[in-house]
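Worksheet: the structure to be examined is printed underneath.
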Amino acid sequence: MSSKTASKTPGSIAPDLLTEKSVAPQASVTGKTACVIGSGFGGMALAMRLQSAGIQTTVIEARDKPGGRAYFWEKEGFLFDGGPTVITDPPCLEELWALSGHDMKDDVELMPVMPFYRLNWPDGHNFNYSNNQEELNAEIAKLEPADVAGYQRFLEYSAGVYEEGYVKLGTVPFLDFKSMLKAAPALAKKQAWRSVYSIVSSFIKNEKIREALSFHTLLVGGNPFKTSAIYTLIHKLEKDGGVWWTRGGTNRLIAGMIRHFERLGGTMMVGDPVVQVHTVGTKATEVETKGGFKQRFDAVASNGDIMHSYRDLLSDSKRGKDYAKKLKRKSYSPGLFVVHFGLEGTWPGIPHHMILFGPRYKGLLEDIYDHGVLPQDFSIYLHHPTVTDPSMAPKGKSTFYALVPVAHMGKLAVDWDEVGPVLEKRILDEIGRRLIPDIHDRIVTKFHYAPKDFKEDLSAHLGSAFSLEPVLTQSAWFRGHNRDDVIENFYLTGAGTHPGAGIPGVVGSAKATAGLMIEDLKI
C-alpha cells in the first residue's frame with residue numbers, strides 16, 4: 001500500500017497473492033463502486049463485505065498507517081498497540097473471510113488469553129475472571145459463597161439478553177422508529193431500562209463481585225451505573241467465545257483484513273485524509289481528499305467519528321450542518337489517558353489483562369461521567385501482551401500499557417501537555433506500589449496518549465474514545481443510522497452507529513451497513 005495513492009489498480013490482484021484459494025468471489029453486484037472512509041475495524045469489515053459481493057471498493061485512510069484506533073507504534077524494539085486489545089466473538093471475524101471461501105487462519109493467528117482478566121483491589125485481593133466455570137465459582141465463593149447461586153441466575157439472564165440484543169438485533173439496521181417498537185417488547189421483558197450495575201446487584205450481594213460483573217461496559221465507553229442492562233450480554237459473549245489476542249498485536253488483525261481485502265481486488269489509500277464528501281441534492285456524488293484526489297462513487301460510507309462525518313465531511317450540505325447540530329446535543333463517552341511503556345525484565349506473574357480497581361467505584365465514575373473532574377484516585381486497565389506473545393518486545397523485555405478513563409474535553413478543560421506528564425507519573429507510581437516496585441528504574445521507553453491526541457489524530461469529537469455514550473436513549477434507532485435518512489447513498493459504520501463500540505459491535509455495524517449497501521446497489 002502506498003501513501004496518498006492507491007495500492008493497486010482497482011480490480012487487480014497482486015501476483016504474490018494468487019494462490020489456489022484466491023479465487024475471485026461470486027459477485028452479487030457488478031459494475032458498482034463504493035468508498036469507505038477510514039480503515040478501523042468497522043471500515044475494513046465493511047470493505048471486505050462489499051468487495052466480497054463484487055462491489056469495487058476503495059478504502060481511504062487519513063493516517064500514515066491503517067487501523068484507526070487499532071494503530072500501532074514501534075519504539076526501541078517494542079511494539080505498542082493503540083488498542084483495542086480484547087478480542088471476543090472470533091466467528092464474527094471469521095465470517096469476513098468465509099464470504100469468499102477463505103479461512104481467516106491464512107492471514108491471522110488468534111491466541112487464547114487465560115485468565116480473561118485478573119481483577120485486583122487496593123486491599124490486595126485478586127479475582128481471576130474466566131469462562132472456566134469451576135474456577136470462577138471458586139473465585140466467587142472466596143468472597144461470598146451465597147453469590148455462587150446468584151451468579152448462575154445472572155448467567156441465565158445474560159444468556160437471554162445475548163440472544164435478544166446480540167444474536168437477533170446486533171446486525172439489524174434500525175432505520176425507523178417502527179423497527180425500534182418491534183424490538184421493544186423483548187427488550188422490556190429483559191428490563192433494558194435498568195442499568196448493568198442494577199441488574200448485577202439484583203443477583204449478587206458482594207460489592208467486589210458486583211464490580212467484577214459490571215466493569216465490562218467501561219471497555220465500550222459506558223458507565224455501569226447508566227448503561228442499559230442489555231450490555232450484560234458481554235458476559236455471555238466472553239463465556240461462549242473466550243478472549244483472544246492476535247499474534248503480533250491487534251494491528252496484525254487489521255493487516256490481515258487488508259491483505260484479504262486486497263486479495264479480492266480492493267484498493268487501499270493511506271496518508272491522505274478525506275476533506276469533503278460532495279453532494280448534489282440527496283446524493284453523495286464525489287469524495288475529495290486533502291492531497292487532491294477526487295473520484296465519483298455509487299455509494300460512500302464513513303467509518304470516521306460520527307460528528308466529524310457530518311460536521312466536516314458533509315459541511316457543504318444542509319444535511320451535514322443540520323445533523324451536526326443534533327449530534328452536538330448528545331452525550332459522549334469519556335476520553336482515555338493511556339501510558340505506553342517498555343520495561344527491562346519479564347513478568348510471568350502479571351497476566352495479559354488486569355484491572356487495578358481504585359478505592360472508589362461509583363464515586364469515581366460520577367467524577368468522570370458527571371462532574372468532569374480529574375480525580376486523585378483512578379482505576380487502571382493494565383495490558384501486558386508479552387506474557388502471551390513475547391514478540392511484542394525485545395528478548396528479556398516487556399511491553400505494557402496502562403489505561404485510565406478520564407472525562408472528555410467537553411467536561412474536563414485541562415491542558416493535556418501540562419497535565420499529561422503529571423498523570424503519567426501518578427499512574428506508573430501506582431503500578432509500582434501494587435505490582436512492580438522498581439518500575440521507574442526498569443523503564444526503557446514510555447509515552448502517553450491523551451484525549452487531545454484522540455481529537456487530533458482520529459478527529460474524535462471532544463476527544464471521546466468511544467463516540468456516543470451507550471445509554472438506552474442513544475442505542476438502536478436513537479444511535480447513528482447505518483444509512484443516512486436524507487442522503488440516500490451515504491452510510492455509516494463504527495462506534496457511533498448501531499450497535500456501538502467494541503470489535504464485535506463495529507463488525508456488527510459493518511454487517512448491517514453492508515446489507516443495506518448491497519441491496520441498494522443492486523437497483
- How many residues does region 205-239 hold that are β-branched (Val, Ile, Thr) and under 19 Å from Leu136 (Cβ atoms)? 3
- Test: Ser315 is under 27 Å from Ile37 (Cβ atoms), surrounded by fewer than 17 Cβ atoms within 10 Å (Cβ to Cβ) and small (Gly, Ala, Ser): yes
- Please state which one of Val404, Val419, Val373, Val444 is buried (at least 16 other Cβ atoms within 10 Å of the Cβ) and either charged (D, E, K, R) or farther than 30 Å from Leu110 by Cα (or both). Val419
- Is region 248-263 home to any residue that is buried (at least 23 other Cβ atoms within 10 Å of the Cβ), of a type outside the set (Phe, Trp, Tyr) and in a strand (DSSP E or B)? no
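Conditions tested, residue by residue: (1) over 28 Å from Val404 (Cβ atoms); (2) at pLDDT below 80; (3) in contact with a helix residue (DSSP H, G or I) (Cβ under 8 Å, 6 or more places away or on another chain).
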{"site": "Ser158", "(1), (2), (3)": "no, no, yes"}
{"site": "Val172", "(1), (2), (3)": "yes, yes, yes"}
{"site": "Phe177", "(1), (2), (3)": "yes, yes, yes"}
{"site": "Ala192", "(1), (2), (3)": "yes, no, yes"}
{"site": "Ile209", "(1), (2), (3)": "no, no, yes"}
{"site": "His216", "(1), (2), (3)": "no, no, yes"}
- Find the strands (runs of 3 or more DSSP E) located wholly in region 326-428 whose residues include 2 or more that are outside the structural domain of Gly480 (by TED's automatic domain parsing) and among the β-branched types (Val, Ile, Thr), and list them. 335-344, 397-406
- What is the one condition in (1) within 24 Å of the chain's Cα centre (by Cα); (2) in contact (Cβ under 8 Å) with a residue 60 or more places away in the chain that Lys455 does not satisfy? (2)
- Message: I'm trying to understand the selection: among the residues of region 488-513, which are of a type in the set (Ser, Thr, Tyr) and outside any loop (DSSP other than H, G, I, E, B)?
- Response: Tyr491, Thr497, Ser509, Thr513
- Message: For the structure I just gave you, tell me whether Asp103 is touching a residue at least 12 places away in the same chain (Cβ under 8 Å) and more than 17 Å from the chain's Cα centre (by Cα).
- Response: yes
- From the options Val196, Val220, Val243, residue that is within 21 Å of the chain's Cα centre (by Cα) and without any contact (Cβ under 8 Å) to a residue 40 or more places away in the chain: Val196
- So Ser509 fits all but one of (1) at negative phi; (2) surrounded by fewer than 24 Cβ atoms within 10 Å (Cβ to Cβ); (3) in contact with a His (Cβ under 7 Å, 6 or more places away or on another chain); (4) of a type outside the set (Phe, Trp, Tyr); what number is the exception? (2)
- Would you check if Lys205 is in contact with a helix residue (DSSP H, G or I) (Cβ under 7 Å, 6 or more places away or on another chain), basic (Lys, Arg) and either at pLDDT below 80 or outside any helix (DSSP H, G or I) (or both)? yes
- Query: Which condition number in (1) under 16 Å from Gly160 (Cα atoms); (2) without any contact (Cβ under 8 Å) to a residue 24 or more places away in the chain is the one that Ser214 fails?
  - Reply: (1)
- Query: Looking at region 149-168, which of the residues that are within 25 Å of the chain's Cα centre (by Cα) and without any contact (Cβ under 8 Å) to a residue 24 or more places away in the chain is farthest from Lys189 (Cα to Cα)?
  - Reply: Val167
- Name the pairs: first residue in region 262-276 and among the charged types (D, E, K, R), second residue modelled with pLDDT of 95 or more and not in a strand (DSSP E or B), Cβ to Cβ under 8 Å, at least 6 apart or on different chains? Arg263/His102; Asp272/Ala62; Asp272/Lys290; Asp272/Gly291; Asp272/Phe293
- Query: What do you reckon, is Phe466 over 12 Å from the mean Cα position of the chain (by Cα), surrounded by 24 or more Cβ atoms within 10 Å (Cβ to Cβ), closer than 17 Å to Gly221 by Cβ and of a type in the set (Phe, Trp, Tyr)?
  - Reply: no
- Query: Does region 493-500 contain any residue that is under 18 Å from Lys411 (Cβ atoms) and either touching a residue at least 12 places away in the same chain (Cβ under 8 Å) or surrounded by fewer than 24 Cβ atoms within 10 Å (Cβ to Cβ) (or both)?
  - Reply: no
- Message: Cβ contacts < 9 Å: first residue closer than 19 Å to His216 by Cβ, restricted to region 74-99; second residue of a type in the set (Phe, Trp, Tyr) and modelled with pLDDT under 95, any location; separation 6+ or different chain. Result?
- Response: Asp89/Tyr166
- Message: Let me confirm something: among Lys321, Lys283, Lys328, Lys294, which residue is closer than 27 Å to Gly420 by Cα and surrounded by fewer than 17 Cβ atoms within 10 Å (Cβ to Cβ)?
- Response: Lys328
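The rows are residues; the columns are (1) buried (at least 21 other Cβ atoms within 10 Å of the Cβ); (2) among the aromatic types (Phe, Trp, Tyr); (3) over 23 Å from the mean Cα position of the chain (by Cα); (4) not assigned by TED's automatic domain parsing to the domain that holds Thr58.
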residue: Phe225; (1), (2), (3), (4): no, yes, no, yes
residue: Tyr231; (1), (2), (3), (4): yes, yes, no, yes
residue: Gly271; (1), (2), (3), (4): no, no, no, no
residue: Tyr310; (1), (2), (3), (4): yes, yes, no, no
- Can you name the condition, by its number, that Ala183 falls short on among (1) of a type outside the set (Ser, Thr, Tyr); (2) surrounded by fewer than 20 Cβ atoms within 10 Å (Cβ to Cβ); (3) without any contact (Cβ under 8 Å) to a residue 40 or more places away in the chain; (4) outside the structural domain of Gly494 (by TED's automatic domain parsing)? (3)
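The values are calculated or read from the model by the stated rules, or taken from the named source; none is laboratory data. The structure displayed is predicted, hence computed values, not measured ones. Cβ sites come from the backbone with ideal geometry, for glycine too, and all protein chains shown count toward neighbours.
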